[in-house]
Each structure stands twice: as C-alpha cells, then as structure tokens.
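Heads up, the thing below is written out as structure tokens.
The values are calculated or read from the model by the stated rules, or taken from the named source; none is laboratory data. All figures in this text were calculated on a predicted structure; none of them were measured in a lab. Ideal geometry is used to build each Cβ from the backbone, glycine not excepted, and the neighbour counts take in all protein chains shown. Quick note on the areas: whole protein, heavy atoms, side chains included, nothing else; ligands and nucleic acids left out. Shrake-Rupley method; radii C 1.70, N 1.55, O 1.52, S 1.80 Å.
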Amino acid sequence: MEIIIFTQRVELITSYGERRDCADQRISDFIYTCGYLPVPIANKPEIMQKIISEIKPSKIILTGGNSLVKYGGNAPERDETDKILIELSIKNKIPLYGFCRGMQSILDYFGNDLVKVSGHVAVRHKISGIEGITEVNSYHNEACTKLANNELSVIMQSDDGVIEKIRHKTLPIVGTMWHPEREKPFNDRDINIMKGL
C-alpha cells in the first residue's frame, strides 16, 4: 500500500506548557478510504525530512488548522513544515494536495496574498468553474480572491470571488479550500482528487 504523509495542526495547551501536534481522525479515514496508508508527521522540520527520506511517501497532504503566522497564526513551526514540504514536493515531483490552511500555504508559497473573508466558517456554499457547479463545506477566515502568480490556475470559485480550488500549471500540486475529511460520507469528487494526483 502506498504511503501518504499528512501534516498536523499545532494546539497550545498552556496548562501543561505543551505544543501538541494533532489531527482529526477523519483525515486518516479519508486517506485510507482513498486506498493509501496515512502517516502523520511532526511539525519538526529536521525530523520530518528524515521521515520522508526513510519512508519515501507517494504523496503529501497539507491539512487544515492554524492560520499562517503572517495572518495572525501562532504556529511558526507549522509554517516552516508546510514550506519545506512544498519545496520537497517540487524538487522530487511528489504529488501534493493542500486543503484549507494547506491551500493557503501553497498560495503563500507562490507569492499570493490572503485577505479576511466573512461567511465562510461552518457553512456550505456553491462553487463554480471549469469543473462545473458543486457544493462544498467551508471553515476558513482567510482566502485568496486574485492570483498574483501565473504558475497557478484558478479551477473553482465561490459566488463572492473566493478562490476555492487551484492547480499548478506544470507540477502535481492541487489545493482546495474545503475539507474532504468533513464530508459524510466522503465525496467521490475528493477521492478522485487524491487518486488523480
């Protein structure tokens, strides 16, 4: 079974003085449903790079959670982990899928700005574009409304102009603003994104 590594959010537990890496169990369920073995990785760049060199994952997923530090987030180690994983993906041509915060990391890496948006937290809404019209979940406060970098293509947008799906023009990199693991049951659209990378 092919291995997919996935990132984890950082939770600050002040009563214990801990910075915890954690992920919704549904992320592992989603990856396994897609036919891959899910392996979470720590937000410790030196350890993460060693893990990647040892297990040689077939794909990488940048998951949701934690705003980027430049937009008010408090997990710089997460920003660094995402950046290194994007660079490793590009260097080694490892397919990469980023959702929600993961897509924001991809957008930021390629020089695109995020803006505050409203009406995108704990709602469902329609998106449209070259893949037609569909409905997705939404759990984000920051988003991109205009690409500044022509390496990425807009695939889908919401009615208020938020870019909801992107694809790199030459590399196997895809991003969505929705959470595939929060669909019940898992959506064939999202499973196909994973398998199609």
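Using protein chains only and a probe of 1.4 angstrom, how many square angstrom of E87 are accessible, to the nearest 10?
70
K195: net charge of surrounding residues, Cβ under 12 Å, Lys/Arg +1, Asp/Glu -1, itself excluded?
Once positives and negatives cancel, what remains is -1.
Which net charge results when you count Lys and Arg as +1 and Asp and Glu as -1 among the other residues whose beta-carbon is under 15 Å from that of D79? List each step's numbers first, then the result.
Values: positive: R9, R19, K44, K70, R78, K83, R101; negative: D21, E77, E80, D82, E87, D108, E142.
Result for the neighbourhood of D79: 0.
Take the solvent-accessible surface of the protein heavy atoms, probe 1.4 Å, and return the percent of it on the chain that carbon and sulfur atoms account for.
Details: 4720 of 9480 Å².
Carbon plus sulfur share of accessible area: 50 percent.
Greater than 30 Å separation of Cα atoms is the criterion. Which listed pairs, K56/K146; K50/K184; K44/K184; K91/K146, meet it? Write down the numbers at each step before the final one.
Details: K56/K146 34 Å; K50/K184 35 Å; K44/K184 32 Å; K91/K146 26 Å.
K56/K146; K50/K184; K44/K184, as the Cα separations exceed 30 Å there.
How far is the Cα center of the stretch 105-146 from the Cα center of the stretch 5-40, in Å?
Using only Cα atoms to place each centre, the spacing works out to 22 Å.
Just how large is the dipole of the chain about the Cα centre, in debye to the nearest 20, putting +1 at every Lys and Arg Cβ and -1 at every Asp and Glu Cβ? All intermediate terms of the calculation are to be shown ahead of the outcome.
Numbers: 25 positive and 26 negative charges, 45 e Å.
Approximately 220 debye in magnitude.
Compute for the stretch 118-167: radius of gyration divided by Kirkwood radius, i.e. Rg/Rh, restricted to C-alpha atoms, rounded to two decimals. Let's see the in-between values first.
Values: Rg = 10.7 Å, Rh = 11.2 Å.
Taking Rh as the inverse mean 1/r over Cα pairs, Rg/Rh reads 0.95.
If all Cα-Cα distances of the chain are sorted into 10 Å bins from 0 onward, what percent lands in each bin, rounded to whole numbers?
9, 39, 39, 13, 1
In nm, to one decimal, how far is the V115 label point from the K56 one, both placed 7 Å along Cα→Cβ?
Those two pseudo-labels are separated by 4.6 nm.
Starting from the stretch 39-113, pick out the trypsin sites (Lys or Arg not before Pro) whose DSSP state is loop and whose Cβ has at most 14 other Cβ atoms within 10 Å. Display every interim value, and only then the final one.
On the way: sites: K50, K59, K70, R78, K83, K91, K93, R101; in loops: K93.
The qualifying sites are K93.
Mind checking which of N74, S89, S158 is farthest towards the positive end of the stretch 43-197's charge dipole, using Cβ charges of +1 (Lys, Arg) and -1 (Asp, Glu) about the Cα centre?
Farthest along the dipole direction, towards plus: S89.
Can you tell me the accessible area per residue over the chain, all protein chains present, probe 1.4 angstrom, in square angstrom?
Working: 9480 Å² over 197 residues.
Counting only protein heavy atoms, the per-residue value for the chain is 48 Å².
Can you compute the modelled spin-label distance between T134 and D160, with each label point 7 Å from Cα toward Cβ, in nm?
Between T134 and D160, the label points sit 2.2 nm apart.
When the helices in the chain are scored as -39500 (n - 2.57) per DSSP H run of 4 or longer and the sum is shared across all residues, what 222 nm value do you end up with, to the nearest 500 deg cm²/dmol? Write down the numbers at each step before the final one.
Numbers: 5 runs with 55 residues, N = 197.
-8500 deg cm²/dmol, from helical runs alone.
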